[in-house]
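Structure first, then comments.
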Amino acid sequence: MASCGRGGRREGLGQDRGRPPFRPAPVRELLVDLKDLSELAIDLAYSSYLFHSPDLAREVLELEEHVEDLLLSLEVSLMLAARSPDRALALAPISRVASSMARVVDAAADIAKTVAQGAGLHPAIGEAFSHARERLVRTVVEEGSSLVGSRVGELDPWVEVIAIKRDGSWLLNPEDDEVLRPGDVLIARGSPEEASELVELAEGRAREPLSFGPEGKMARLADLLLDLKESSELAIDLAYTALLLNSEELAEEVKRLEEYVDELHVDLQTAVISGKLSPADIGDVIALLRVGFLSEEIADAAYEIASFILKGLRAHPVVKMAIEESDERVAVVQVAEDSPLVGKKLSEVRLPEETGMWVVAMRREGRFFRPRGSTVIRPGDVLIAVGYAEGEEDLAELAEGKSGS
């Protein structure tokens with residue numbers, strides 16, 4: 001039986017479908033679950049496709065069923081709470097945000113269905129993932145590995161373990177105190193260096209990165225796909241931050257990203273149609289286009305979330321509480337003059353390794369942009385990062401010059 005999540009609250013996803021799905025629960029708790037499950041579904045969907053894992057794809061489909069139950073419970077709770085037109089208007093943003101989260105899960109499930117139906121892995125997918133700033137990796141903990149007996153939350157190198165397959169069953173989003181055993185199959189994400197080190201520790205050998213060469217139509221498709229994936233995920237991160245800070249500026253950036261993703265999706269479709277691919281490529285290319293569609297769906301959902309801010313409405317306090325209490329945090333910090341980060345490239349400071357936070361966007365002189373590893377950090381830069389609560393304070397100390405490192 002699959003279980004996932006915080007304190008073991010989610011168990012048996014998709015089980016007992018004959019019973020009524022509604023359960024009384026605080027709206028805040030339901031929103032936290034929806035946000036965490038939508039992010040987990042995206043991770044697992046990409047993982048199922050990258051590693052061609054039909055059983056992991058089935059877990060995504062069970063997540064989709066569970067999210068449908070949560071959404072129904074939330075809608076009923078909101079109806080019961082809306083006793084007047086003014087109250088209903090105040091609660092409307094909660095329903096909109098929840099529906100957008102569910103839309104992300106539906107898109108992830110579409111990818112999972114493609115995998116479950118036997119779609120192959122197009123080389124452009126592997127190429128795109130091999131160059132991503134965050135690498136998804138699958139590895140098996142061999143007998144005698146130094147990882148045996150380690151706790152998930154104390155791994156060195158630091159990676160996020162998003163799923164463990166053990167004795168034929170999946171443990172999704174495992175707790176930090178989960179102990180690794182021989183034979184465990186790990187699905188994890190981290191920087192390329194961390195992912196490679198994890199594989200070496202687990203299997204006792206280094207794994208060469210995927211590579212399909214720098215030229216030709218595959219490289220073009222890979223570039224477009226990677227840009228689609230990262231731009232759409234950035235849009236989601238900025239949309240949540242816009243809600244948290246009631247920031248119209250961030251919401252406008254989400255709108256621009258959504259339009260950019262639309263253009264990228266058209267470019268991807270055009271590149272595929274004009275690529276004169278062989279008949280043997282057709283099935284894999286259809287799956288590739290589905291991944292592109294998923295990315296556009298994520299960006300569209302992000303814009304739906306941000307649109308309330310653009311309409312002059314403020315996020316309901318319950319929405320803010322759900323974002324703050326979810327597994328993944330969004331941190332916004334400004335770099336001080338005396339920060340040890342100043343003058344260094346983003347790749348040099350190794351923030352994911354040092355703090356567990358990934359910088360997904362920066363603001364400099366009023367302009368938002370997606371930084372690269374070669375981006376040099378300057379005083380006054382605003383860093384927008386995602387990660388876990390434990391790393392939020394560490395990042396703030398580094399940015400504000402309070403750390404001696």
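The values are calculated or read from the model by the stated rules, or taken from the named source; none is laboratory data. Keep in mind the model is a prediction, meaning the values are calculated, not measured. So basically every Cβ, Gly included, is an ideal-geometry build from the backbone, and we count neighbours across all protein chains shown.
General observations
- Of everything listed in (1) outside any helix (DSSP H, G or I); (2) closer than 25 Å to PRO174 by Cα, the single unmet condition for SER48 is (1).
- Test: ARG133 is under 16 Å from the mean Cα position of the chain (by Cα), modelled with pLDDT under 85 and surrounded by fewer than 19 Cβ atoms within 10 Å (Cβ to Cβ): yes
- Residue within the stretch 267-277 that is in a loop (DSSP other than H, G, I, E, B) and closer than 24 Å to GLY312 by Cα present: no
- With respect to the conditions (1) of a type outside the set (Lys, Arg); (2) at pLDDT 80 or above; (3) touching a helix residue (DSSP H, G or I) at 6+ places or on another chain (Cβ under 7 Å), LEU210 falls short on a single one, namely (2).
- Applying a threshold of 8 Å to beta carbon distances and a minimum spacing of six or more residues, or different chains, the list of pairs starting in the stretch 308-326 at a residue that is modelled with pLDDT of 70 or more and ending at one that is surrounded by fewer than 16 Cβ atoms within 10 Å (Cβ to Cβ) and in a loop (DSSP other than H, G, I, E, B) reads ILE309/ASN246; ARG314/ASN246.
- Answer residue from the stretch 67-85, given it is in contact with a helix residue (DSSP H, G or I) (Cβ under 8 Å, 6 or more places away or on another chain) and charged (D, E, K, R) and is modelled with the lowest pLDDT among those: GLU75
- SER84 being in contact (Cβ under 8 Å) with a residue 12 or more places away in the chain and in the same structural domain as GLU304 (by TED's automatic domain parsing): no
- For the stretch 363-375, the candidate set comprises residues that are more than 18 Å from the chain's Cα centre (by Cα) and crowded, with 18+ Cβ neighbours inside 10 Å; within that set, the residue that is modelled with the highest pLDDT is ARG363.
- Hits in the stretch 151-189 - residues which are modelled with pLDDT under 85 and on the phi > 0 side of the Ramachandran plot: GLY168, ASN173
- If the condition is being at pLDDT below 80, in a helix (DSSP H, G or I) and not hydrophobic (A, V, I, L, M, F, W, C), then the stretch 213-229 contributes LYS217, ARG220, ASP223.
- The single condition from (1) within 26 Å of HIS52 (Cα to Cα); (2) in contact with an Asp or Glu (Cβ under 8 Å, 6 or more places away or on another chain); (3) at pLDDT below 85; (4) surrounded by 22 or more Cβ atoms within 10 Å (Cβ to Cβ) that ARG290 fails is (4).
- Some residue of the stretch 108-126 being touching a strand residue (DSSP E or B) at 6+ places or on another chain (Cβ under 9 Å), outside the structural domain of ALA385 (by TED's automatic domain parsing), modelled with pLDDT of 90 or more and buried (at least 21 other Cβ atoms within 10 Å of the Cβ): no
- Matching residues, the stretch 155-184, being over 17 Å from the mean Cα position of the chain (by Cα) and either polar (S, T, N, Q) or not in a loop (DSSP other than H, G, I, E, B) (or both): ILE164, LYS165, ARG166, SER169, TRP170, LEU171, VAL179
- Residue in the stretch 240-251 that is under 15 Å from ASP300 (Cβ atoms) and surrounded by fewer than 24 Cβ atoms within 10 Å (Cβ to Cβ) present: no
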